[in-house]
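Novice: Please see the structure below; I have some questions.
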Amino acid sequence: MIKKVFKILLKTIVAVILIAFISYWLFLGWEYITGEKYVRYLKNNIETTSLDKTFSYKLIDKDIEKNKLILVGEIHGFKEPEKIDFNFFKHLNSKFNIKNYIAEFDFVQSIYLNRFLKTGNKEFLNKALKNWGVIQGRNNQDYYTKYLNFYNYNKNLPDNKKFRFIGVDNIHDLELTISYLNEILKSKGFSLIKLNSKDNYSEIKNSIKKLVSINNEPENSFTLNHILKNILFLENKISREKVLFENFKDIYNHYSFRNEKIYGYFGLFHIFQYKVNNYDYLASYIRKSNLGLKNKIVSISYLFVDCKMVVESSALPSFMRQSEKYSRVPVSYDNIVFMYLYGIRDFKRVTNKYSKSIIKLNGENSPYKKLNSNRLRKAYKLLSTAGNLEFNEKGKEYVQYNIFIRNSDWAEPMK
């Protein structure tokens, strides 16, 4: 009897595996057959090169010319995006005179970054990155090297081309914010804020108000009021995405950016222009706002195949950890177990291994703009270890470009 039950169970398992195997290959076959028109389109709307070279960016220049806000969304932890970020911003700065780089720093962290940009003093850079919200970027050689490259580039620019970093994130490093405020308090002869005040915001708020009351310079007044506003956001536990937008709006209006182009480098979800997982992210808030940017945003997202990313080992199940601190985790959007993005193989058909490509999704007669297209809008997975990715507003233009990376290594932790 036991043998009979075992045989039935074994046959059932084999049948299930066989059905799953056949279904998967039928799915791939259907994706391949229906992908022909997409492949034809991609061949005429792509710039591709090897990982060791840089893009010309000719494919994207026309859209940059006619738009005002260029947003790039990476998934943190890969080597190639950090190299591209630097080279792309160089292109934007030299050709389009873009001098404002907004990112996921809090406002005071960006003040220290700009001090580094002016002086080259790495102590300012170290302070800015110490408690950066991009955890993968802390103690990471590739992220660190990128900012050294920014410094070396900026120091040789004429004054009318020099750029600045602007942080629009919520406060990630309250101790650094207190340290910055204490610099000003000390110069005015006021009592300093105690570090334990981070558990009680009253002293911080009162000190800022004291400084505001004696400050007549508009820029300093804005900085102090902006920090105060973010202390209130922190105290009232306002959602991060709303904070990102409110900070962006304040900075956009204060610096009169309506007549300038701006570059923003963020995590992936922040640059989607419509709802994802039933949630509005930064670009969606901006598009729906009264800032006049509704049809003036270019969003560029990253996609990866056969790549590696850095992950803090403590964030992984024990069987996936490779060392005590960091692990080099494989990531590929054609992996049905963890994440399969429908249509990703179209990209593989027009590219080679160890390459990077800019792909224009909003070109003339683009099949990606059709209302019934699920290409790049539907993700499948057998395990739930990866986050959800559901585009809620069918037929909408979430991004205008993809940067498709094959075989990038991880962003390497500092030794």
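Novice: Any residue that is of a type in the set (S, T, N, Q) and touching a residue at least 12 places away in the same chain (Cβ under 8 Å) - is there at least one of those in the range 142-153? So that I can check it myself, show each step before the final result.
Specialist: In the first step, residues of the range 142-153 are kept if they are of a type in the set (S, T, N, Q); the result is 145, 149, 152.
Remaining after also requiring touching a residue at least 12 places away in the same chain (Cβ under 8 Å): 145, 149.
Among the residues of the range 142-153, at least one is of a type in the set (S, T, N, Q) and touching a residue at least 12 places away in the same chain (Cβ under 8 Å), which makes the answer yes.
Novice: Additional query: With the requirement that a residue be of a type in the set (D, E, K, R) and either outside any strand (DSSP E or B) or buried (at least 21 other Cβ atoms within 10 Å of the Cβ) (or both), what does the range 149-168 give you?
Specialist: Matches in the range 149-168: Lys155, Asp159, Lys161, Lys162.
Novice: Return yes or no: is Lys353 modelled with pLDDT of 95 or more and not acidic (Asp, Glu)?
Specialist: Details: modelled with pLDDT of 95 or more: yes; not acidic (Asp, Glu): yes.
When the stated conditions are applied, Lys353 passes them.
Novice: Report, by residue number, each residue of the range 238-253 that is of a type in the set (D, E, K, R) and within 12 Å of Ile171 (Cβ to Cβ).
Specialist: The answer is Arg240, and nothing else.
Novice: Checking the conditions here, which among Asn126, Asn131 is farther than 16 Å from Gly264 by Cα and touching a His at 6+ places or on another chain (Cβ under 6 Å)?
Specialist: Matching residue, one of Asn126, Asn131: Asn131.
Novice: Something else now. Which of the numbered conditions does Ser202 fail, given that it passes all the others? Conditions: (1) in a helix (DSSP H, G or I); (2) in contact (Cβ under 8 Å) with a residue 24 or more places away in the chain; (3) over 24 Å from Gly267 (Cβ atoms).
Specialist: Failed condition: (2).
Novice: Continuing with the same structure: Which count do you get for residues in the range 196-220 that are surrounded by 11 or more Cβ atoms within 10 Å (Cβ to Cβ) and modelled with pLDDT of 85 or more? Don't jump to the end; show me each part of the working.
Specialist: Initially, the range 196-220 is screened for residues surrounded by 11 or more Cβ atoms within 10 Å (Cβ to Cβ), giving 197-198, 200-201, 203-212, 215, 220.
Those left that are additionally modelled with pLDDT of 85 or more: 201, 203-212, 220.
Of the residues in the range 196-220, 12 are surrounded by 11 or more Cβ atoms within 10 Å (Cβ to Cβ) and modelled with pLDDT of 85 or more.
Novice: Output the residue which, of all residues in the range 111-133 that are outside any helix (DSSP H, G or I) and within 24 Å of the chain's Cα centre (by Cα), is nearest to Tyr147 (Cα to Cα).
Specialist: Our first condition is that a residue be outside any helix (DSSP H, G or I); within the range 111-133, this holds for 120-121, 131-133.
Still in the list and also within 24 Å of the chain's Cα centre (by Cα): 131-133.
On the way: Asn131: 16, Trp132: 13, Gly133: 16 Å.
It comes out as Trp132.
Novice: Moving on to the next point. Which of the following residues is buried (at least 21 other Cβ atoms within 10 Å of the Cβ) and part of a loop (DSSP other than H, G, I, E, B): Ile171, Ile102, Ile193?
Specialist: Exactly one residue qualifies, and that residue is Ile171.
Novice: Quick one: is Leu303 within 27 Å of His172 (Cβ to Cβ), among the hydrophobic types (A, V, I, L, M, F, W, C) and either surrounded by fewer than 19 Cβ atoms within 10 Å (Cβ to Cβ) or touching a residue at least 60 places away in the same chain (Cβ under 8 Å) (or both)?
Specialist: Answer is no for this residue.
Novice: Within the range 299-347, how many residues are touching a Lys or Arg at 6+ places or on another chain (Cβ under 8 Å) and in a loop (DSSP other than H, G, I, E, B)?
Specialist: 7
Novice: Looking for whichever is touching a helix residue (DSSP H, G or I) at 6+ places or on another chain (Cβ under 9 Å), buried (at least 16 other Cβ atoms within 10 Å of the Cβ) and assigned by TED's automatic domain parsing to the domain that holds Ser50 here; the options are Lys275, Lys325. Which one fits? I'd like the intermediate steps shown before the answer.
Specialist: Numbers: Lys325 fails: buried (at least 16 other Cβ atoms within 10 Å of the Cβ).
Testing whether each residue is touching a helix residue (DSSP H, G or I) at 6+ places or on another chain (Cβ under 9 Å), buried (at least 16 other Cβ atoms within 10 Å of the Cβ) and assigned by TED's automatic domain parsing to the domain that holds Ser50 leaves just Lys275.
Novice: Select, from Leu244, Leu232, the only residue that is over 19 Å from Tyr101 (Cα atoms), modelled with pLDDT of 95 or more and of a type in the set (A, V, I, L, M).
Specialist: Just one listed residue meets the conditions, Leu232.
Novice: Also, quick follow-up: Could you say whether any residue in the range 71-87 is aromatic (Phe, Trp, Tyr), buried (at least 22 other Cβ atoms within 10 Å of the Cβ) and closer than 23 Å to Phe404 by Cβ? Quick ask: steps written out before the conclusion?
Specialist: Of the range 71-87, the ones aromatic (Phe, Trp, Tyr) are 78, 86.
Checking which are buried (at least 22 other Cβ atoms within 10 Å of the Cβ) leaves us with 78.
Applying the additional criterion that residues be closer than 23 Å to Phe404 by Cβ yields 78.
Within the range 71-87, one or more residues are aromatic (Phe, Trp, Tyr), buried (at least 22 other Cβ atoms within 10 Å of the Cβ) and closer than 23 Å to Phe404 by Cβ.
Novice: For the range 169-227, name all the residues that are in contact with a strand residue (DSSP E or B) (Cβ under 6 Å, 6 or more places away or on another chain) and not charged (D, E, K, R).
Specialist: The answer is Ile171, His172.
The values are calculated or read from the model by the stated rules, or taken from the named source; none is laboratory data. What you see is a predicted model; the values in this text were computed from it and never measured. A quick note on method: Cβ atoms are made from the backbone with ideal geometry, for glycine too, and the neighbour counts reach across all protein chains shown.
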